[in-house]
Amino acid sequence: MPVSVYALIATFVVVSIVAGVAAARIVGPWRPWAPLVPATFAFGALYLVAHRWGESIGPQVRIWGWEVALPFDVAVAIGAALLGAVVQARVARGLRRDEPGR
């Protein structure tokens, strides 16, 4: 694979991490591990939309030699990260209710 592919994947990883951290901060509660699930949701969504389904909605931006619908991809990553943060927060709250003594 060309080096530009790895650069594009690294760009999507960074977008996923930033979206995961932002979503974890917005939804809360904040813990050091909190961005893991939202970032994973964001990267999974980017993988599905950009790679598997090949969806391309909106303006195209040239990054690392590839035409990418970056605004759409970032919106998908943020939406998926928020969904992941909400799911994570609800599961965490549900587990805390099941603990004895609470």
Does Ala80 satisfy the criteria of being touching a helix residue (DSSP H, G or I) at 6+ places or on another chain (Cβ under 6 Å), of a type in the set (A, V, I, L, M), modelled with pLDDT of 85 or more and over 15 Å from Leu8 (Cα atoms)? yes
Does any residue in segment 10-30 that is without any contact (Cβ under 8 Å) to a residue 12 or more places away in the chain come within less than 7 Å, Cβ to Cβ, of a residue that is assigned to a helix (DSSP H, G or I) six or more places away or on a different chain, and which pairs are these? Trp30/Ala24
When segment 15-60 is examined, which residues are found to be surrounded by fewer than 20 Cβ atoms within 10 Å (Cβ to Cβ) and among the hydroxyl-bearing types (Ser, Thr, Tyr)? Thr40, Tyr47, Ser56
Across segment 50-96, what is the total count of residues that are touching a residue at least 40 places away in the same chain (Cβ under 8 Å) and farther than 26 Å from Ile26 by Cα? 5
Residue that is modelled with the highest pLDDT, among those in segment 1-59 that are polar (S, T, N, Q) and more than 16 Å from Ala85 (Cβ to Cβ): Thr11
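Yes or no: Ile63 β-branched (Val, Ile, Thr), surrounded by 11 or more Cβ atoms within 10 Å (Cβ to Cβ) and under 14 Å from the mean Cα position of the chain (by Cα)? Don't jump to the end; show me each part of the working.
Working: β-branched (Val, Ile, Thr): yes; surrounded by 11 or more Cβ atoms within 10 Å (Cβ to Cβ): yes; under 14 Å from the mean Cα position of the chain (by Cα): no.
Here the answer is no, as Ile63 does not meet what is asked.
The values are calculated or read from the model by the stated rules, or taken from the named source; none is laboratory data. Quick caveat, the model's predicted, so the values are computed rather than measured. Virtual Cβ from ideal backbone geometry, glycine too; neighbours counted across all protein chains shown.
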